[in-house]
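Student: Mind looking over this structure? Questions follow.
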Amino acid sequence: AEERCEKSESILERLYQQENDMRNYRDFVTETMKDSTEAAEYLRSSLEEYSADGNLEAFLAAIRSVAEAQGGIAGLARKAELNRQTLYRTLSAAGNPRIKTLRSVLCSLGFRLTIEPVLSFDSHNAV
């Protein structure tokens, strides 16, 4: 029984440490995303990953992280003139935002969508 109790304490200590590590990580991300240059790079990288693998959930999570760091979802909803609950749903793992909503959200965060060629125009015509 004593060994079991020690194992339980060990597991609880590890879980507590993991929780602290996650809290520290979330705090780090939140603090980092307050910098618009860092936030732009984070969103750009997330969008590039979405383009490569189609993982919209990760891109929406990146937008949520930036939104939380820059005043929260409620503040973003006011700036973007969107309903708060709708915005939460839009940026959730199951979200599928319209381009108009995405544009409004990104503009309210101080960013915009851009289009860049994957291949140079000349190399594309040569194919």
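Student: Note the full-extension length gain between Ala74 and Asp53 as 0.36 nm times their separation in residues minus their Cα-Cα distance, in nm to one decimal.
Tutor: 4.6 nm
Student: Return the single residue from Lys34, Lys79, Lys100 with maximal mean-square fluctuation; model: Gaussian network over the chain, springs between Cα atoms under 10 Å.
Tutor: It is Lys100.
Student: Here's another thing I want to ask about it. Relative contact order, percent, of the chain when contacts are C-alpha pairs under 8 Å separated by at least 6 residues?
Tutor: 19
Student: For the stretch 27-94, what is the convex hull volume of its Cα atoms per residue in Å³?
Tutor: In the stretch 27-94, the Cα convex hull volume per residue is 83 Å³.
Student: In bins 5 Å wide, starting from 0, what share of all Cα pairs of the chain does each bin hold, as a percent?
Tutor: With a bin width of 5 Å, the distribution comes to 2, 9, 15, 18, 15, 11, 8, 7, 6, 4, 2, 1, 1, 0, 0.
Student: A further question on this structure: I want the local charge near Arg26. Using Cβ-Cβ distances under 11 Å, sum +1 for each Lys or Arg and -1 for each Asp or Glu among the other residues.
Tutor: -4
Student: Shifting gears a bit: Using protein chains only and a probe of 1.4 angstrom, how many square angstrom of Ile73 are accessible, to the nearest 10?
Tutor: 0
The values are calculated or read from the model by the stated rules, or taken from the named source; none is laboratory data. Please read all numbers here as calculations on a predicted model, not as lab measurements. Ideal geometry is used to build each Cβ from the backbone, glycine not excepted, and the neighbour counts take in all protein chains shown. Accessible surface areas use protein heavy atoms only, side chains included; no ligands, DNA or RNA. Shrake-Rupley method; radii C 1.70, N 1.55, O 1.52, S 1.80 Å.
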